[in-house]
Amino acid sequence: MSNIELGLDTFGDITVAEDGKPLSQARVLRDVLAEAELADRLGIDFFGVGEHHRPDFAISAPEVVLAAIAARTERIHLGTSVTVLSTDDPVRVFQRFSTVDALSSGRAEVILGRGSFTESFPLFGYSLEDYDDLFEEKLALFAAIRDADRTGQPVRWKGKLRPPLDGVRVYPPVEYPPLKVWVGVGGSPESVVRAARYRFPLTLAIIGGDPRRFAPYVELYYRSLAQLGFERLPVGVHSPGHIAETDAQARDQLWPHYQIMRNRIGAERGWPRTSRAEFDSEVAAGSLYVGSPETVAKKIASTARALGASRFDLKYSAGTLPHQIMMRSIELYGREVIPLVRELTGEPASPAVEAAAPNA
């Protein structure tokens, strides 16, 4: 394995102050900028922000956040995790990302998906009855816009749910096309085949269970690409985690905040309440990348090898986990986890990591 990219992402989870009281969404957004700046100084490859429209997550306009980050960083690639394309306008999504790409000098990318929450449907006037049709048609339109931008041709597209585009151009164009686009998948074979059909790299959102269970999806993706006559494309992984100096410290820091988040979401979805035993089991054998730098690095390298992944993004925010604890986790990820993963996968350490200022 070579050239693995290692990134971070966040949903702007609402954190707590030292007194245990929740911070404002405005304060959390400002903290996300500081977290991205630190990631850039450490030479981390990618920083992603997820789109949500809920009281427990602060980021509802990811491209605005990315534009602010672009102005304060130099090298890190910037994207979403994910953009909920089903309830957005593909033309506007492309315009917003081509704008971020210009402001960041070519560092923008987008992960398109349906999202794991549905609050955007009533918010923007869409019906959940059209859940599958909306994503299918809007992904087709977005692919047509991107292809037209790449070739310098007008967009010609016709669907069922919106009027056609016949010979229009979408501005601003990407300066050095094509715009980098991934499709985020949570475990649906149909979604895997769809990503292959539109010739987009695949991001697997693995948030529970043994990550090796996703190997058949990778095989399906490669098989679908081959049947369509396409070359192999990158596969990425997104999973939650937290890093501290020791395994015990990392687990103890994360658990109470993870418990709050997991039980809140679980109550919405009819899941049983979680327990510390379940949490520890997921850390030990599942898709929670929690522990010391060495422990987390070994687990990331193992997942990357098992799935042939060329990108791994760690969701470093979790529930009410405080900003300063997350900053330390980011620092350990950049300074210690990434060099260890590169060593385990046969790559040299990034010089940007070595050049980062001490105690950033």
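The values are calculated or read from the model by the stated rules, or taken from the named source; none is laboratory data. Since the model is a prediction, treat every value here as computed from it, not as a measurement. Cβ placement follows ideal geometry from the backbone for every residue including glycine, while neighbour counts extend to all protein chains displayed. These accessible areas exclude ligands, DNA and RNA; they are computed on the full protein's heavy atoms, side chains included. Shrake-Rupley method; radii C 1.70, N 1.55, O 1.52, S 1.80 Å.
Before moving on, here are some points about what is shown:
- Number of positions in region 102-118 that are modelled with pLDDT of 95 or more, open to solvent by 10 Å² or more (accessible area, probe 1.4 Å) and either in contact with a strand residue (DSSP E or B) (Cβ under 8 Å, 6 or more places away or on another chain) or farther than 11 Å from V174 by Cβ (or both): 3
- The residues in region 250-281 that are within 23 Å of G12 (Cα to Cα) and part of a helix (DSSP H, G or I) can be counted, and the count is 21.
- Lone qualifier among E354, E336 - being acidic (D, E), outside any loop (DSSP other than H, G, I, E, B) and modelled with pLDDT under 95: E354
- Residue that is nearest to S281 (Cα to Cα) [pool: residues in region 226-239 that are out of contact with any helix residue (DSSP H, G or I) (no Cβ under 8 Å at 6 or more places or on another chain) and crowded, with 16+ Cβ neighbours inside 10 Å]: H238
- Among the residues of region 309-319, those that are open to solvent by less than 20 Å² (accessible area, probe 1.4 Å) and modelled with pLDDT of 95 or more comprise A309, R311, F312, D313, L314, K315, Y316, S317.
- Sole exception among (1) at pLDDT 95 or above; (2) under 15 Å from V82 (Cα atoms); (3) in contact with a Pro (Cβ under 8 Å, 6 or more places away or on another chain) for P234, by number: (2)
- Close pairs from region 126-152: first more than 14 Å from R197 (Cβ to Cβ), partner aromatic (F, W, Y) and part of a helix (DSSP H, G or I), Cβ under 6 Å, at least 6 apart: L128/F121; I145/F94
- Of all residues making up region 16-44, the number that are open to solvent by less than 50 Å² (accessible area, probe 1.4 Å), acidic (D, E) and in contact (Cβ under 8 Å) with a residue 60 or more places away in the chain: 2
- Matching option when the condition is over 22 Å from E136 (Cβ atoms) and either aliphatic (A, V, I, L, M) or open to solvent by 40 Å² or more (accessible area, probe 1.4 Å) (or both), among R223, R199, R212: R212
- Boolean, F47 is part of a helix (DSSP H, G or I), open to solvent by less than 50 Å² (accessible area, probe 1.4 Å), touching a Leu at 6+ places or on another chain (Cβ under 7 Å) and not aliphatic (A, V, I, L, M): no
- Apart from one condition, I76 fits all of (1) open to solvent by less than 10 Å² (accessible area, probe 1.4 Å); (2) farther than 22 Å from A148 by Cα; (3) free of Cβ contacts under 8 Å to residues at least 40 places away in the same chain; the exception is (3).
- Selection within region 291-308 - open to solvent by 10 Å² or more (accessible area, probe 1.4 Å) and aliphatic (A, V, I, L, M): A306
- Of all residues making up region 1-39, the number that are at positive phi and at pLDDT 95 or above: 1
- Any hit, region 193-206, residues being in contact with a Pro (Cβ under 7 Å, 6 or more places away or on another chain) and closer than 20 Å to S302 by Cα: no
- The listed residue being open to solvent by 10 Å² or more (accessible area, probe 1.4 Å) and either over 30 Å from Y222 (Cβ atoms) or touching a helix residue (DSSP H, G or I) at 6+ places or on another chain (Cβ under 8 Å) (or both), out of E268, E282: E268
- The criterion of being in contact with a Pro (Cβ under 9 Å, 6 or more places away or on another chain), crowded, with 23+ Cβ neighbours inside 10 Å and at pLDDT 95 or above does not hold for S329.
- Note on region 132-176: residues that are under 15 Å from T87 (Cα atoms), open to solvent by 40 Å² or more (accessible area, probe 1.4 Å) and either in a loop (DSSP other than H, G, I, E, B) or touching a Ser or Thr at 6+ places or on another chain (Cβ under 7 Å) (or both) amount to 2.
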